[in-house]
Amino acid sequence: MSKTPITVARGDGIGPEIMDATLKVLEASGAELDIEEIEIGEAVYKSGIKNGIADSAWESLNRTRVFLKAPITTPQGGGFKSLNVTVRKSLGLFANVRPCMSYHPFVQTHHPKMDLVIIRENEEDLYGGIEYRQSQDVMASLKIITRPGTERIMRYAFEYARANGRKKVTCMSKDNIMKISDGLFHRVFDEIAAEYPDIENDHMIVDIGTAKVANHPEMFDVIVTTNLYGDIISDVAAEVTGSVGLGGSSNVGVDFGMFEAVHGSAPDISGKGIANPSGLILGAVMMLTHIGQGDAAGKIHNAWLKTLEDGIHTGEIYREGVSKMKAGTDDFTKALIERLDAKPEKLNSVSYPNQAGGLKLPPLKPRVEVPRERVGVDLGINFQGSPDELASLVNACVSDNLALHMISNRGTKVWPDGQKGTFCADNWRLRFKSNDGQPIKTSQCIALMDRMNKADLNFTKSVMLYNYDGQPGFTVAQGE
Ligand code: NAD
């Protein structure tokens with residue numbers, strides 16, 4: 001078999017220790033790999049590169065299209081961008097797949113029947129990193145959910161379920177609150193689910209859904225969710241299996257794949273030789289199945305299960321009476337390599353085809369143009385004073401057919417007829433709508449903004465309000 005080129009990064013914190021372990025296991029398994037190393041993370045950030053990855057590293061990634069990555073430490077603040085998010089978005093890795101299962105009775109868990117897969121949308125949502133300081137006191141993050149992005153992740157989830165013999169896909173969203181963004185996510189889920197009658201489907205609000213993952217994980221098979229919820233749920237799920245150190249993860253797109261551990265760089269245990277390398281090793285197993293080296297993948301996975309069964313456990317899962325040896329990273333790795341020809345006896349053994357993975361998704365549904373009309377404008381404004389004072393200043397600027405319809409603060413209507421108890425910060429939203437039922441022209445909005453500017457009313461932003469197919473493309477304020 002010819003060697004498959006892959007790009008490897010050792011990362012930060014425990015990254016180099018667990019990558020070292022993983023590469024030893026890969027080599028001993030007979031995997032045919034041609035490894036190229038790149039440097040990413042803290043050292044690169046410190047050299048002044050704000051996204052933690054040098055231009056030269058992209059050359060390797062773009063050529064190999066397969067990335068085995070150890071966790072990295074993202075510096076707090078200072079204008080640094082998360083490298084993980086940059087890589088996922090730059091390589092179009094739209095699906096993050098995180099299997100979580102319990103290894104009862106060998107790893108302590110309250111939930112012996114857990115065997116679920118979280119499929120997390122990987123490019124959109126609050127991870128766009130589009131944030132603004134809207135005033136001295138008000139900060140805002142923009143949550144982006146798109147129809148094509150959602151359609152793709154939903155289809156991926158159902159195709160994954162079908163290809164892996166899974167029976168049910170559960171969507172989690174918060175569409176009772178975020179009716180437009182999460183509302184789209186839920187609606188597209190229902191649309192795509194209807195095309196897969198052989199797979200059961202249901203939807204849960206993410207708060208109760210996460211609670212159920214924590215306490216009744218056996219209810220779930222495949223979970224599909226947005227980026228932020230997926231991040232949280234997968235850590236909860238990994239922890240419920242017994243340790244966050246046990247979870248591997250793949251990030252896949254049309255052309256590229258990135259494989260890693262679920263956990264982070266664990267600076268608290270770095271350099272002590274006690275980190276569990278399992279998450280990255282299982283990430284490497286997912287990589288081998290992706291590149292069609294199923295024999296090596298199965299060999300490593302079975303040896304890993306046997307090592308657990310034999311009670312060779314790293315400190316965070318070690319349990320008196322069940323574990324036989326409290327292993328450091330090196331001991332665990334050595335024990336796994338010694339078992340590369342063994343299979344588990346009690347846990348289910350696995351086998352993988354020698355066929356390159358990657359799901360072939362059908363093309364996106366054709367885009368149908370929807371008629372829209374401009375019905376108003378929201379203007380953000382900085383102001384300190386009462387809602388009535390603000391309304392009278394603004395009302396002095398409005399023209400005949402663009403009327404001040406409502407003022408809200410932190411999303412709650414405060415004018416007209418606001419509640420006295422509503423706390424107001426220093427950033428306000430003014431909603432203007434047509435008062436003669438006619439669509440609004442851009443020129444009318446600009447004229448209004450010009451009059452307000454002359455009256456010293458300070459803008460922070462403007463957002464046009466549209467109806468799509470007669471339906472409002474914006475929400476009403478709380479209490480409106
Ligand atoms: P973490 O996952 O690194 O650690 C959480 C806890 O789990 C710690 O107590 C740690 O010791 C333990 N733990 C994690 N991995 C372990 C392992 N393999 N073996 C034994 N114990 C393990 O999360 P954190 O502390 O919130 O984040 C630390 C850093 O990692 C941050 O800079 C964060 O940005 C980064 N991070 C990176 C990635 C990634 O590169 N994919 C993912 C998450 C967090």
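The values are calculated or read from the model by the stated rules, or taken from the named source; none is laboratory data. Remember, it's a predicted structure, so these values are computed and weren't measured experimentally. Neighbour counts run over all protein chains shown; Cβ positions are idealised from the backbone, glycine included. What goes into the accessible areas is simple: the full protein's heavy atoms, side chains included, and nothing from ligands, DNA or RNA. Shrake-Rupley method; radii C 1.70, N 1.55, O 1.52, S 1.80 Å.
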Identity of the residue in segment 283-298, in a helix (DSSP H, G or I) and more than 16 Å from the ligand (Cβ to nearest atom), that ends up surrounded by the fewest Cβ atoms within 10 Å (Cβ to Cβ):
D295
I'm checking my understanding of the structure. Among residues of segment 65-83 that are touching a residue at least 60 places away in the same chain (Cβ under 8 Å) and open to solvent by less than 50 Å² (accessible area, probe 1.4 Å), which one is farthest from the ligand (Cβ to nearest atom)?
V66
Please go through segment 215-248 and give me each residue that is in contact with a helix residue (DSSP H, G or I) (Cβ under 6 Å, 6 or more places away or on another chain) and small (G, A, S), ordered by number.
A237, A238, G242, S243, G245, G247, G248
Output the residues belonging to segment 231-241 that are buried (at least 24 other Cβ atoms within 10 Å of the Cβ) and not hydrophobic (A, V, I, L, M, F, W, C).
S234, T241
Which ones in segment 21-64 are outside any helix (DSSP H, G or I), in contact with a Pro (Cβ under 9 Å, 6 or more places away or on another chain) and more than 14 Å from the ligand (Cβ to nearest atom)?
L33, D34, I35, E36
Report those strands (runs of 3 or more DSSP E) wholly inside segment 359-418 carrying at least 3 residues which are touching a residue at least 40 places away in the same chain (Cβ under 8 Å).
372-382, 402-409
So which residues in segment 407-422 are open to solvent by less than 80 Å² (accessible area, probe 1.4 Å) and on the phi < 0 side of the Ramachandran plot?
I407, S408, N409, T412, K413, V414, W415, P416, G418, G421, T422
Are any residues in segment 64-109 modelled with pLDDT of 90 or more and among the aromatic types (F, W, Y), and if so, which ones?
F67, F94, Y103, F106
Candidates L228, L280, filtered to the one that is within 16 Å of the ligand (Cβ to nearest atom) and buried (at least 22 other Cβ atoms within 10 Å of the Cβ)
L280
Test: residue in segment 191-210 that is in a loop (DSSP other than H, G, I, E, B), among the hydrophobic types (A, V, I, L, M, F, W, C) and either away from the ligand (no atom under 16 Å from the Cβ) or within 17 Å of G315 (Cβ to Cβ) (or both):
yes
